[in-house]
1. In percent, what relative contact order does chain A have, based on Cα pairs under 8 Å that are 6 or more apart in sequence?
2. What does the range A:214-305 give for Rg and for Dmax, in Å, if only its C-alpha atoms count?
3. What's the FRET efficiency of B:S64 with A:L223 using the Cβ-Cβ distance as r and R₀ = 56 Å, to the nearest 0.05?
4. Calculate, in whole percent, how much of the Cα-Cα pair population of the range A:144-196 lies beyond 16 Å.
5. Please sort A:160-167, B:255-262, B:206-213 by packing, taking for each peptide the average over its residues of neighbouring beta carbons within 10 angstrom, highest first.
6. Just to check, using Stokes-Einstein with a Kirkwood Rh over alpha carbon pairs, what's the diffusion coefficient of the range A:34-160 at 25 °C and 0.890 mPa s in µm²/s?
7. Relative to the compact-globule scaling 2.2 N^0.38 Å, provide the ratio for the alpha-carbon radius of gyration of the range A:300-342.
8. Roughly how many Å is it from the Cα centre of the range B:274-293 to that of the range A:133-183, as a whole number?
Amino acid sequence: MTSGTAAARDSGPLRGRVVAALGRSDSAAAAGAVLIALLIGALLIAATGKSVPGAFSAMVHGAFGSTGDLAGTLVETVPLALVGVGVSLAFRAGLFNIGAEGQLLVGGLAAAVVGSDLPSAPAVVVLPAMAVSAMAAGACWAGVAAVLKLRLGANEMLTTIMLNYVATYLVTYLLNGPLRDPSSALAQTRQLSPAAGLPLLIPGTTLHAGILLAVAAAVIGQLWLFRRVWGLRLRVVGLNPEAALGAGLPVRRMLLSAFAISGVLAGLAGFCQVAGVQGRMIVDLSPGYGYSGIVVALLGRTTPVGALIAAFFFGALSVGGQAMETAVGVPASVVTVIQYLVVLLLIARGAAGLLRRPAGVEEGA
Amino acid sequence: MFHWLVSDAGQGFFAATMRLAVPLLLAALGGVYCERSGVVNVGLEGMMLSAALAASLTATSTGSAAAGLLAGVAAGVLVAALLGVFTVVLPGDPVIAGISLNLLAAGTTTFVFRAVVGTAGTSRPSPVIDATPVPGLRSVPVLGPLLFDQTFLVYVALAAVIATSVILRRTSWGLLIRACGEHPAAADSVGLDVNRTRFVCLLVSGALAGLGGVFVSLVSSSQFVENMTAGRGYIALAILILGHRTPFGVLAASLLFGLGDAFQLRAQLSYSGVPFEFLLMIPYVLTILMIALFGRWLRTPAALGVPFRRGRK
């Protein structure tokens with residue numbers, strides 16, 4: 001139990017307090033942060049010399065203009081929501097899982113490998129097989145960081161970041177070498193069979209069934225976190241690990257399960273991208289979903305349903321941003337700036353809340 | 001073995017070791033000030049990346065590497081000041097603030113770079129900082145290429161190791177820094193300004209990480225590439241922890257990482273049959289191994305990451 005104590009102490013009560021402070025910041029604060037970030041985004045667009053109303057209307061039109069555009073936004077919501085829900089649950093346990101990017105990549109890889117190994121199987125066999133292997137791969141990748149933390153006390157933030165780079169190079173190697181489609185000039189696997197594709201929900205658009213998985217993950221996550229013993233224990237471990245140990249909670253097992261769930265959901269996001277969008281594994285499967293998902297979790301006040309809503313907003317921003325780049329020539333990365341500004345502003349809000357509280361109220365130590 | 005050491009290949013290997021170690025060393029040295037004063041600095045990556053871009057763009061547009069260097073340091077200090085607002089002035093969680101700031105820096109540098117050079121273009125090569133070899137000493141085997149055939153930034157980094165060690169152990173400012181990291185309430189009770197000291201340390205850290213970023217874009221390369229620091233700021237953080245947050249510890253750890261990186265570069269050139277992707281993983285895997293093997297025995301300053309408010313414990 002000694003290393004459990006070390007791992008628990010390492011998570012720190014301060015972190016739990018800040019997560020709690022972020023959780024308390026109401027929806028109005030989140031909306032205010034979004035508004036200020038959009039204003040700064042407008043200034044950046046103006047700085048490039050392009051018309052600000054033109055750019056924003058291109059953005060809104062690109063994200064919601066037609067059924068097809070809305071479908072595109074929802075498709076973009078899927079990986080962000082899945083990653084965001086997983087990161088939220090890890091945060092609640094006091095863990096910094098920055099490794100969703102790598103977990104998503106190995107998940108997508110596993111899904112593509114299983115999918116191409118079952119070329120003639122029907123969809124009812126191949127899709128679950130792909131999903132399960134993607135989730136297992138994501139959980140294993142997160143498990144490396146979990147075991148290193150729980151056994152050896154290695155800081156999970158650093159190990160998960162390093163594992164992201166390792167996963168990227170692993171995928172690059174496999175797609176250029178053993179898993180490469182010999183008939184293609186690009187580094188990608190073979191096209192999967194139609195049975196290995198997620199069914200479309202609205203014919204004629206890109207909207208695939210992955211959105212149902214994302215909504216289910218958010219709703220189930222919310223229920224488990226706030227209505228089940230597991231969730232209560234998880235939150236206790238995150239808010240006060242010492243108290244959790246004192247109360248005899250299985251802290252190590254809770255931390256391990258938080259890591260695993262986080263990896264499972266990131267792996268599932270990889271599966272959705274492979275089976276729902278690309279139809280194969282590619283090197284650029286993720287334009288940073290693993291990192292945006294962290295911000296989605298924070299904006300959603302580290303609640304699963306909040307993460308789903310934040311993911312929809314981020315999905316709209318990035319789809320709209322691409323449309324804006326095409327239409328008026330403002331770099332789409334202005335959207336990234338807006339996204340991360342939102343979180344910094346929320347931190348400022350949460351921190352200001354801590355500052356205003358009278359001395360001694362928050363201190364357990 | 002000795003023949004290899006004095007051969008061109010051996011000399012090149014040691015020169016590369018130093019070149020790859022110095023950006024890490026500079027950033028980690030900055031971290032020493034910051035973390036010994038009690039502020040967790042996860043923002044090194046963002047400071048390095050912003051500095052790399054500022055240095056490259058300024059050097060290209062003014063034609064002067066010196067102007068680029070100044071702009072890079074200024075960018076590093078600016079990012080550090082921002083981090084200071086979120087971790088010292090408003091005591092937010094330093095890890096969340098640092099990571100958000102790094103991601104913000106990644107987005108902003110990409111935006112600025114694309115806005116300046118066009119959506120798909122690459123920039124013109126910028127002027128670079130040239131090597132200033134020390135005559136005579138440069139032909140000493142091993143030590144020559146390692147120490148005396150480098151750009152002046154390498155000499156600055158090595159001097160900064162000694163200076164940091166002296167400052168921390170022999171000056172009253174160093175004592176103040178350590179007091180803020182170990183027992184801020186005690187420092188405060190004798191009238192010392194804890195949060196001002198921490199903020200200043202953060203700015204020093206920004207300047208040093210900025211120099212590291214300048215090294216990446218003006219010495220190791222002559223062009224900015226999107227996300228070109230590629231996690232070096234995080235590796236520097238690991239080096240900081242492995243080096244026990246002491247200047248010479250950090251020097252040893254960054255040389256170890258430089259050695260690993262130089263080895264993988266050399267292995268890529270020698271057609272060893274190992275796929276180059278696996279060689280590129282070496283620095284990251286090395287970081288994981290080092291944290292896993294030595295991570296738990298290291299002592300941290302007692303008040304690291306604890307925001308200081310007067311009247312509260």
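1. Working: 674 pairs, mean separation 132.6, N = 365.
Relative contact order here is 36 percent.
2. Rg then Dmax for the range A:214-305, in Å: 15.6, 50.
3. FRET efficiency, B:S64 to A:L223: 0.35.
4. Working: 804 of 1378 pairs.
In whole percent, the share of Cα-Cα pairs in the range A:144-196 beyond 16 Å is 58.
5. Numbers: A:160-167: 26.1, B:255-262: 20.9, B:206-213: 31.4.
Peptide ranking by packing, descending: B:206-213, A:160-167, B:255-262.
6. Values: Rh = 18.0 Å.
Here the translational diffusion coefficient equals 137 µm²/s.
7. Numbers: Rg = 11.8 Å, N = 43, 2.2 N^0.38 = 9.2 Å.
This ratio for the range A:300-342 stands at 1.28.
8. 12 Å
Bear in mind these aren't lab numbers, they're just calculated from the coordinates by the rules spelled out. This one's a predicted model, so the numbers in the text were calculated from it and none came from an experiment. In this analysis, Cβ positions are derived from the backbone assuming ideal geometry, glycine residues included, and neighbour counts consider all displayed protein chains.
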